[in-house]
Amino acid sequence: MFKKPRTESLKLKLFRFLNTRMELSSKDKQYYLNLEKGFEGEVMFDLLTKKLQTDCLILNDLLLEVNNSKFQIDTLIISQETISLFDVKNYEGDFYYESGNFYSKSKSEIKNPLDQLKRCESLLRQMLQYHDFKLPIEPWVVFINPEFTLYQTPQNMPIIFPTQINRFLKKLDSMPSTLTGRHIKLADKLVAMHQIESPYPQLPPYAYDQLQKGITCSMCHSFSISVGEKNIVCDECGCEEKVESAVLRSVEELKLLFPDWKITTNLVQEWCRVIESKKTIRKILKRNFRAMGYGQWSCYE
Ligand SMILES: [Zn+2]
């Protein structure tokens, strides 16, 4: 049972918009691609945990804070006797382990996921103690990508490799587990303590004038689209979408990128670029938002 489902983070969405509409620096671009890859890996893991039949509670994507330290949990599974804590890594390619450190094959050292896991476990334990829950925590790093190899791994590490995930979950599933109100209370408590962090301070600087205008394809993000009477069609991938839904999607993008701005017909027309008729835009806005003010000064909420 998914007590807290995973959704795309606002940060990932915003980075995706910016990547489509402007040239990101190579550092920002790398950061963005890692976000995409990380999310993809977490979704892959969700597809597997979703199949669990045992009586358990699954909590995804928690951002918690204890003693002024924030920590992020990818997946937490509460079962009768244990809390399993998973950090999901979607690393691809060859890596090796040497005296406590992780290296990629190009010999560059990467952040040790086991250190992150240890920190997360310790903070979670403090939090459970504080709220007087006494379940033991079992922490794991899950390498989800089937193309991942780690050379020289000692055997006693809390790591689940791609070839072990199914067996691991099968074992978890075969453990007898009956949850009580106390487990549910713990899950509710954790969800209630989840923090929402504003992604805006973490974005690269951007300005409206610097962003490419136009409706993008919902599938491949291309700007090359043809607008018909009712539908837009992507010239790259052939994907079709109703004009109304494409305009609303673009407005949503605009609102997320510039949360304080007033949405007007003129602004949306300039932002969408390819819709020639102001009347079409006004009609769509009227149908989907609440109009404020009148005539040329009206804006939509
Ligand atoms: Zn497309």
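The values are calculated or read from the model by the stated rules, or taken from the named source; none is laboratory data. Because the structure is a prediction, the values reported are computed rather than measured. Quick reminder, even Gly has a Cβ in these numbers, built from the backbone with ideal geometry, and neighbours come from all protein chains shown. These accessible areas exclude ligands, DNA and RNA; they are computed on the full protein's heavy atoms, side chains included. Shrake-Rupley method; radii C 1.70, N 1.55, O 1.52, S 1.80 Å.
Structural remarks
- Coil-residue trypsin sites (Lys or Arg not before Pro) of region 1-102, DSSP, other Cβ within 10 Å capped at 14: Lys50, Lys51
- Modelled this way, with points 7 Å down the Cα-to-C-beta line, the labels at Gln80 and Glu240 are 5.4 nm from one another.
- As a ratio to 2.2 N^0.38 Å, the alpha-carbon radius of gyration computed for region 12-98 takes the value 1.37.
- Within the accessible area of the chain, the carbon and sulfur atoms contribute 51%, probe 1.4 Å, all protein chains present.
- Out of every Cα-Cα pair that region 201-301 contains, those further apart than 20 angstrom amount to 38 percent.
- Tyr130, Tyr206, reordered so the largest accessible area comes first (probe 1.4 Å): Tyr130, Tyr206
- The Cα-based radius of gyration and maximum Cα-Cα distance (Dmax) for region 2-200 are 17.5, 53 Å.
- Helical runs assigned H by DSSP (4 residues or longer) give the chain a calculated mean residue ellipticity at 222 nm of -12000 deg cm²/dmol, each run adding -39500 (n - 2.57) before division by the residue total.
- Distant alpha-carbon pairs in region 143-225 (separation over 22 angstrom), percent: 69 percent
- Across the protein chains, with a 1.4 Å probe defining accessible surface, the residues Asp28, Asp115 rank Asp115, Asp28 from largest area downward.
- Taking every DSSP bridge with both residues inside the chain, close to 65 percent are antiparallel.
- Distance violations [Cα-Cα > 32 Å] among Lys3/Lys70; Lys27/Lys230; Lys51/Lys213; Lys13/Lys230; Lys4/Lys283; Lys70/Lys255: Lys27/Lys230; Lys51/Lys213; Lys4/Lys283
- Diffusion coefficient, µm² s⁻¹, Stokes-Einstein with Kirkwood Rh over alpha-carbon pairs of region 46-162 at 25 °C and 0.890 mPa s: 159 µm²/s
- Relative contact order, whole percent, for the chain stands at 16, derived from Cα pairs under 8 Å and 6 or more residues apart.
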